[in-house]
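Engineer: Here it is, the structure, as structure tokens.
The values are calculated or read from the model by the stated rules, or taken from the named source; none is laboratory data. Predicted model, so just to flag it, every value in this text is computed and none were measured. Please note: Cβ atoms are built from the backbone with ideal geometry, for glycine as well, and neighbour counts cover all protein chains shown.
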Amino acid sequence: MVDVARHAGVSLKTVSRVVNGEPTVNAGLAERVLASIGVLGFQRNQLASTLRAGRRTGTVGLVIEELANPFYSTIASVAAEVAAQHDTMLITASSEEDPDLERRLVFDLCSRRVDGLLLVPASGDHAYLRPEVDMGVHVVFLDRPGGGGLEADTVLIDNRGGARAAVDALLAKGHRRIAVLLDSTGVYTMRERLLGAREAMESVDAPLTVVEGVANPDDAARAVAGLLDGPQPPTAFFTVNNRLTVGAVGELWRRGDDAELAGFDDFELAHLMPRPLTVVAYDTRAMAGRATEMLFERVRGERAAARTEVIGTRLVARGVRR
């Protein structure tokens with residue numbers, strides 16, 4: 001566009017007005033700009049033109065934690081399927097649980113003028129999205145709520161209820177020394193699952209052993225080993241996600257220990273784990289599908305107040321039964 005302005009001897013703003021079809025441009029200037037476009041073979045930016053004309057770009061963005069995790073890859077797959085049904089292309093990016101990277105990715109997607117954003121929050125403050133929302137970008141949060149006072153549609157899992165049900169099941173089997181393994185309570189889902197576990201233990205007036213900073217399967221295996229080697233080893237464990245469950249299962253199996261295990265998240269091959277366990281299962285596809293449909297409802301003009309929908313959970317027996 002700069003080359004066109006230079007060739008025609010007009011301002012960049014004049015070129016922009018001509019390209020976008022504004023009727024108030026002087027006819028003589030418009031002819032010069034169009035002639036220069038013909039000479040230079042200029043092609044206008046389709047995103048800019050659709051934005052100026054108030055039309056959709058036919059793209060939506062998805063920001064998740066990491067595609068390598070089956071949970072997030074399922075979300076991406078379902079969101080792409082639903083977007084395709086609406087003749088829309090999905091652009092997916094990974095925040096790696098980094099709030100600064102999340103913000104950069106969101107701004108980059110918004111600069112491409114996506115019609116809407118599906119966002120699994122890495123941060124707890126989304127006030128930075130207010131200008132984008134005011135510009136017409138629709139936002140739906142999934143798996144975790146947004147923050148910073150930004151009201152937006154949200155689809156969550158019943159994290160607290162699922163965790164309580166899992167620990168209640170352990171209590172029903174007579175366990176009272178129960179330990180929970182988690183990464184960080186700074187993450188909404190982890191915080192809610194810990195609250196659910198605490199509620200269950202408080203219902204029988206029993207203490208809960210909490211081990212934080214357990215970020216991966218190896219950490220989980222070490223945490224289980226350390227607790228079992230302690231003076232009052234737990235008789236049962238609750239792990240807050242599938243990766244920690246895998247690490248805990250491995251250590252219990254290696255030791256031949258009979259401690260009970262319940263974990264949040266069902267996962268592929270869970271039924272082949274070398275020992276019995278109970279998992280908190282939920283429909284990831286339903287969550288992703290509903291969130292994406294809610295986004296397109298907004299894109300089509302839905303103006304109702306922000307909605308929050310919760311996907312239920314259920315307990316499922318997995319692993320090899322003895």
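Engineer: Suppose we filter segment 210-252 for residues that are under 22 Å from Gly174 (Cβ atoms) and of a type outside the set (Val, Ile, Thr); how many remain?
Structural biologist: Qualifying residue count for the region: 12.
Engineer: Confirm whether Thr284 is modelled with pLDDT of 95 or more, among the polar types (S, T, N, Q) and under 20 Å from Asn69 (Cα atoms).
Structural biologist: Details: modelled with pLDDT of 95 or more: yes; among the polar types (S, T, N, Q): yes; under 20 Å from Asn69 (Cα atoms): yes.
For Thr284, the condition - modelled with pLDDT of 95 or more, among the polar types (S, T, N, Q) and under 20 Å from Asn69 (Cα atoms) - is met.
Engineer: Hey, among Arg275, Arg307, Arg222, Arg318, which residue is among the charged types (D, E, K, R) and closer than 17 Å to Gly162 by Cβ? Quick ask: steps written out before the conclusion?
Structural biologist: Details: Arg275 fails: closer than 17 Å to Gly162 by Cβ; Arg307 fails: closer than 17 Å to Gly162 by Cβ; Arg222 fails: closer than 17 Å to Gly162 by Cβ.
After ruling out the rest, the residue left standing is Arg318.
Engineer: Looking only at segment 290-317, count every residue that is assigned to a loop (DSSP other than H, G, I, E, B), closer than 30 Å to Thr245 by Cβ and hydrophobic (A, V, I, L, M, F, W, C) and tell me the total. Write out each step before concluding.
Structural biologist: The initial filter retains those residues of segment 290-317 that are assigned to a loop (DSSP other than H, G, I, E, B), namely 300-307, 312-313.
Remaining after also requiring closer than 30 Å to Thr245 by Cβ: 312-313.
The next check asks that each one be hydrophobic (A, V, I, L, M, F, W, C); those that pass are none.
The total comes to 0.
Engineer: Follow-up. Please find, among Thr313, Thr292, the residue that is closer than 27 Å to Ala223 by Cβ, hydroxyl-bearing (Ser, Thr, Tyr), buried (at least 20 other Cβ atoms within 10 Å of the Cβ) and modelled with pLDDT of 90 or more.
Structural biologist: Values: Thr292 fails: closer than 27 Å to Ala223 by Cβ.
Matching residue, one of Thr313, Thr292: Thr313.
Engineer: In segment 57-71, which residues are among the small types (Gly, Ala, Ser) and touching a strand residue (DSSP E or B) at 6+ places or on another chain (Cβ under 8 Å)?
Structural biologist: Within segment 57-71, Gly58, Gly61 qualify.
Engineer: Now for a separate question. Out of Val140, Val106, Val114, which single residue is among the aliphatic types (A, V, I, L, M) and in contact with a Lys or Arg (Cβ under 9 Å, 6 or more places away or on another chain)?
Structural biologist: On the way: Val106 fails: in contact with a Lys or Arg (Cβ under 9 Å, 6 or more places away or on another chain); Val114 fails: in contact with a Lys or Arg (Cβ under 9 Å, 6 or more places away or on another chain).
Exactly one residue qualifies, and that residue is Val140.
Engineer: Sticking with this structure for a sec: Can you pull out the helices (runs of 4 or more DSSP H) entirely within segment 63-154 that have at least 1 residues that are under 22 Å from Asn216 (Cβ atoms) and not assigned by TED's automatic domain parsing to the domain that holds Asn242?
Structural biologist: Numbers: elements: 70-85, 99-111, 130-134.
Ranges flagged: 70-85, 99-111.
Engineer: What tally of residues in segment 66-75 results from selecting those that are of a type in the set (A, V, I, L, M, F, W, C) and over 10 Å from Val120 (Cβ atoms)?
Structural biologist: If we filter segment 66-75 for residues that are of a type in the set (A, V, I, L, M, F, W, C), which is where we start, we get 67-68, 71, 75.
Adding the requirement that they be over 10 Å from Val120 (Cβ atoms) leaves 67-68.
Summing the residues that are of a type in the set (A, V, I, L, M, F, W, C) and over 10 Å from Val120 (Cβ atoms) in segment 66-75 gives 2.
Engineer: Find the strands (runs of 3 or more DSSP E) located wholly in segment 168-257 whose residues include 2 or more that are surrounded by fewer than 19 Cβ atoms within 10 Å (Cβ to Cβ), and list them. Talk me through it step by step, then tell me what you get.
Structural biologist: Working: elements: 178-181, 208-211, 236-239.
Fully inside segment 168-257 and qualifying: 208-211.
Engineer: Does any residue of segment 258-269 turn out to be part of a helix (DSSP H, G or I) and crowded, with 19+ Cβ neighbours inside 10 Å? Walk me through it before giving the result.
Structural biologist: We begin by selecting, within segment 258-269, every residue part of a helix (DSSP H, G or I); these are none.
No, the conditions are met nowhere in segment 258-269.
Engineer: A further question on this structure: Test Arg191 against the stated conditions and say whether it is without any contact (Cβ under 8 Å) to a residue 24 or more places away in the chain and within 26 Å of Pro99 (Cβ to Cβ). I'd like the intermediate steps shown before the answer.
Structural biologist: On the way: without any contact (Cβ under 8 Å) to a residue 24 or more places away in the chain: yes; within 26 Å of Pro99 (Cβ to Cβ): yes.
So Arg191 fits the description; yes.
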